Amino acid sequence: MVARVSSSRGIMGVPTAIAVFFLAVMLPTAVSLNLGGLRLSAYRVVLIVLFLPMLVQLLSGQRGRITIFDILLLLHCTWAVIALIKWGGLGQGIESGGIYFVECAGAYLVGRLYIRSYEDFAAVAQAYVAVVVATLFFTIPEALTGIHILHDSISGAFGGARAPFIEPRMGIERTFGPFDHPILYGVFCASAFSLAYFVVAERRFSNLRGMAKVFGVGLATFMSASGGPYLVLMMQGFVALWERAFSRVQGRWAALFSLMALAYIAIDLFSTKTPFHVFVNNFTFSKQSAYNRILLFEYGTAEVARHPVFGIGLGDWERPAWMSDSMDNFWLVTAVRYGLPAFFLLVAMLLGLIWAAGQRKSLPTEWRRARHAWAFTLFGISVAAATVHLWNALFVLFFFLIGAGAWLQDARPGKTRLPLHTPPAVSRVRPQRLL
């Protein structure tokens, strides 16, 4: 068992850079600056300020050796920039591609560089869950009254627009919290479920206080009344149940993936619909929504087939005139905009990082719980991303969460911080956290 070490740095034990980034992610788009045609939201400003120092730390090895997964992410961002330059020319491509690079790589690096040990991870998990539960004090009244307390108060203070009207569902108003859309709020909340169950409650039903927070995360997600967040929650709950039921069985994850593959093949062979059609039909609120997502997939994949290498950038995609230009599929959007190389680089980085962390043996119990929390969170979001697009705050949150588990691949039990790389025959003092 690794002794817990409380951090005297940061805010409530959370590294300051993460605390500031996290606060910025929770602010509505109205809290932003406009420079020409570029919108600088709060989280973009934070990432721009941190980006170059973080990149220097990564490339110099000040916070651990650079890994193949870091390189894959940087290559993904670079390919996206090239695709946008090809689409809009050098000026437009660098402007749009540059902000994509800062958001994608910057958010990943915040988690990758500032969460360097189990203690850091646990502190961030505790704070994340506490924030989600705290929003219930505002979103329960919001769901009952339709008054968007947090969003309209924060947005109004900065001269922004009030929350748009969205049809209620299941007898409640769809809650925004401090975000721009109920889906954003819902995924933000649902992403805390595994952190609450495995880290805060320590997987123990006897931990009543921790389990109350797990319930609070579920309730906050419910208030969004959005299918995407519900799917994030359901996927995490499913793999958590599988882990609990078969925790003593060797090869349980290989068995689970085999069952999923068999289910896919069975649906493909014996159903009149494709597995994707079956998935969408059963995990959306309405038939109209399911039909729209199926059409998006069909026209989107056709666009990828026409432009497989560099995609279409931010250009328009071919579809019937009556269809909206909104594409509710994060993975498909990535392939359509930036091409298949960008898509495969991102998928390889994500799966490879989870696989590398999963290969480590003889880790302390709390480290294994942290690994489950991190991997299950990413699993839930990744599956749901086939039915929702990750945009604005949700986009950077996803990449932050990917980076938040990078320490699991090479941190050593018994160390409170990830060891820094020192060149041979050179002795130097370990640098402290920035900020």
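Worth a mention:
- Helical segments meeting 15 Å axial Cα length and Kyte-Doolittle 0.0 threshold in the chain (DSSP H): 42-60, 68-114, 118-134, 208-222, 227-245, 252-270, 340-358, 365-384, 393-404
- Qualifying aspartates and glutamates (Cα of each under 16 Å from Cα of Lys273; at least 8 residues distant if same chain): Glu298
- Region 16-409 - convex hull of alpha carbons, volume per residue in Å³: 153 Å³
- Under the combined filter of DSSP loop state and at most 12 neighbouring Cβ atoms within 10 Å, region 200-264 retains these trypsin sites (Lys or Arg not before Pro): Arg204, Arg248.
- Within the chain, longest stretch clear of exposed GluC sites (Glu not before Pro) (DSSP loop, no more than 15 other Cβ within 10 Å): 1-201
- Debye-sum result for region 109-239 in log10 I(q)/I(0), which assumes one identical scatterer on each alpha carbon, at q = 0.16, 0.21 Å⁻¹: -0.81, -1.17
- For region 160-234, the Kirkwood estimate of the hydrodynamic radius, built from every pair of different alpha carbons, is 12.9 Å.
- Helical mean residue ellipticity (222 nm; -39500 (n - 2.57) per DSSP H run of 4+; nearest 500) of the chain: -20000 deg cm²/dmol
- Cα shape, region 1-143, gyration tensor, a/c 1.5 rule: oblate
- Looking at region 88-189, the chymotrypsin sites (Phe, Trp or Tyr not before Pro) that sit in a DSSP loop and have at most 14 other Cβ atoms within 10 Å of their own Cβ are Phe158, Phe165.
- Coarse-grained scattering of region 81-135 at q = 0.14, 0.21, 0.23 Å⁻¹, given as base-10 log I(q)/I(0) from a Debye sum over alpha-carbon atoms: -0.57, -0.75, -0.82
- At most 13 other Cβ within 10 Å, DSSP loop - trypsin sites (Lys or Arg not before Pro), region 344-396: Lys361
- Proximal aspartates and glutamates to Lys361, defined as alpha-carbon separation beneath 18 angstrom and excluding residues fewer than eight positions away on the same chain: Glu243, Asp410
Read-outs throughout are calculated quantities, based only on the coordinates presented, and are distinct from any laboratory measurement. Here the structure is a predicted model, which is why all the values come from computation and not from measurement. Note that each Cβ is placed from the backbone with ideal geometry, even for glycine, and that neighbours are counted across all protein chains shown.
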